[in-house]
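So the structure is just underneath, and the comments pick up after that.
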Amino acid sequence: MLSRVANLVYWLARHLERAENTARIVDVNAALVLDLDARQAADDPKSWESLVSVSGGDELFRKLYGENVSDRTVVEFMLFDQRNPSSIFSCVSLARENARCIRDQLASEVWEQINTFYLRLREDDYARYTQLGSFEYLNRIKTQIQLFYGIAESMLPRNQAWWFFELGRYLERADNVSRILDVKYFTLLPTLNAVGSALDLIQWAAVLRSCSGFEAFRKSRRGQLDLDHVVDYLILDDAFPRSIYYSVREAEHSLAQLTADAPHITENAAATLIAHLRTELEQADIPAIITSGLHEYLDDIQSKIAEIHAAVQTVFITYPTAGAHKCHVKGS
């Protein structure tokens with residue numbers, strides 16, 4: 001498989017997963033404002049500034065909006081701003097361009113879904129977001145991306161292109177679930193006195209719902225809706241498809257499929273790094289992690305996923321014989 005095609009497929013998946021998880025991250029904050037009926041929170045810069053921080057867009061946001069931090073500026077930055085390469089519109093636009101470059105290798109229904117999604121999204125703006133309401137609008141975004149995944153899973157052959165798609169999707173998912181957890185733990189909890197309060201329970205429920213995991217959590221018999229149990233579920237559960245452990249394990253499986261017929265690269269840096277991360281997760285102790293610092297632990301996971309991504313690029317994409325192509329769309 002050409003490295004150019006592999007990179008396009010890999011980033012197609014990462015961009016779509018990033019767009020979906022951006023919608024989920026915004027949904028966490030918007031849902032908390034609504035659930036708590038805190039009208040002043042919508043205008044409180046701290047309740048929205050945290051989203052920009054966790055997404056890693058602080059510097060760009062300040063450059064574009066200065067100190068004007070509000071629900072409107074943050075939503076526009078994270079959803080619609082074409083100058084932000086990680087906004088939902090930018091991610092969908094990049095994913096669509098990647099799909100266009102490999103259109104001959106996709107089922108027509110797969111292309112039509114992402115193209116239609118992009119054409120509808122480019123007409124949207126903050127006015128449309130407020131008209132529909134945050135829940136309805138963000139749910140539509142998530143539904144469109146889930147529809148794309150469903151069509152792709154039912155129609156694309158399980159060849160190398162598919163495994164690059166899965167590798168990109170699950171690496172991005174693991175990274176972004178850690179960021180969703182970070183929004184709650186590092187920024188949304190006001191004081192230690194609020195731990196175990198009604199506010200705390202509402203926030204953890206919002207985090208689980210943002211990952212489509214509230215009902216699954218309740219049925220998992222994990223127990224009380226609190227810090228330890230929710231963090232354990234979203235990081236370590238081996239059956240929930242949005243947990244970090246599940247995502248890392250699936251990414252490792254995809255990588256193994258890619259090298260199954262290439263014994264000369266079976267042992268590679270990416271495989272070694274992802275195996276180490278999976279082992280660390282299997283041995284993780286949640287109470288000890290929380291005691292030593294959950295934010296630091298999540299930050300470490302993000303750094304290790306970035307190292308895995310860099311290794312994937314080196315092993316499969318940027319090796320010396322890889323050439324440039326006019327349709328190549330870089331990731332970010």
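Points to keep in mind about this one:
- Residues of the range 140-169 that are among the hydrophobic types (A, V, I, L, M, F, W, C), crowded, with 20+ Cβ neighbours inside 10 Å and farther than 24 Å from Thr259 by Cα: Ile141, Ile145, Phe148.
- The range 268-302, subset in a helix (DSSP H, G or I) and polar (S, T, N, Q), residue most open to solvent (accessible area, probe 1.4 Å): Thr291
Residue-wise test of (1) aliphatic (A, V, I, L, M); (2) touching a His at 6+ places or on another chain (Cβ under 6 Å); (3) farther than 30 Å from His309 by Cα.
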{"site": "Arg122", "(1), (2), (3)": "no, no, no"}
{"site": "Thr130", "(1), (2), (3)": "no, no, yes"}
{"site": "Glu136", "(1), (2), (3)": "no, no, yes"}
{"site": "Ile141", "(1), (2), (3)": "yes, no, no"}
{"site": "Gln144", "(1), (2), (3)": "no, no, no"}
{"site": "Phe148", "(1), (2), (3)": "no, no, no"}
{"site": "Ala152", "(1), (2), (3)": "yes, no, no"}
{"site": "Phe165", "(1), (2), (3)": "no, no, no"}
{"site": "Arg169", "(1), (2), (3)": "no, no, no"}
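- Qualifying residue in the range 53-63 (condition: modelled with pLDDT under 95, open to solvent by 10 Å² or more (accessible area, probe 1.4 Å) and aromatic (Phe, Trp, Tyr)): no
- Test: residue in the range 84-100 that is more than 18 Å from the chain's Cα centre (by Cα), loosely packed, with under 14 Cβ neighbours inside 10 Å and modelled with pLDDT of 95 or more: no
- The range 188-209: number of residues that are open to solvent by 50 Å² or more (accessible area, probe 1.4 Å) and either modelled with pLDDT of 65 or more or farther than 15 Å from Leu225 by Cα (or both): 8
- On the stretch given as the range 243-252, residues that are of a type outside the set (A, V, I, L, M), in a helix (DSSP H, G or I) and touching a residue at least 40 places away in the same chain (Cβ under 8 Å) total 2.
- Candidate set from the range 69-83 (those that are assigned to a helix (DSSP H, G or I) and among the hydrophobic types (A, V, I, L, M, F, W, C)); member that is most open to solvent (accessible area, probe 1.4 Å): Phe80
- Candidates Asn21, Asn29: the one that is out of contact with any Pro (no Cβ under 6 Å at 6 or more places or on another chain), open to solvent by less than 10 Å² (accessible area, probe 1.4 Å) and modelled with pLDDT under 90 is Asn29.
- Selection from the range 93-113 of residues that are closer than 16 Å to Trp11 by Cβ and touching a residue at least 40 places away in the same chain (Cβ under 8 Å): Leu94, Ala95, Glu97, Asn98, Ala99, Arg100, Cys101, Ile102, Gln105, Leu106, Val110
- Residue within the range 248-264 that is over 18 Å from Trp163 (Cβ atoms), touching a helix residue (DSSP H, G or I) at 6+ places or on another chain (Cβ under 6 Å), at pLDDT 95 or above and open to solvent by less than 10 Å² (accessible area, probe 1.4 Å) present: no
- For the range 109-135, a residue qualifies if it is part of a helix (DSSP H, G or I) and open to solvent by 70 Å² or more (accessible area, probe 1.4 Å), and the qualifying residues are Glu109, Glu112, Arg120, Arg128, Thr130, Gln131, Phe135.
The values are calculated or read from the model by the stated rules, or taken from the named source; none is laboratory data. From a predicted model like this one, the values you see are computed outputs, not experimental measurements. Positions of Cβ are backbone-derived with ideal geometry, glycine not excepted, and every protein chain shown enters the neighbour counts. We work out accessible area using only protein heavy atoms, side chains counted, and drop any ligands, DNA or RNA first. Shrake-Rupley method; radii C 1.70, N 1.55, O 1.52, S 1.80 Å.
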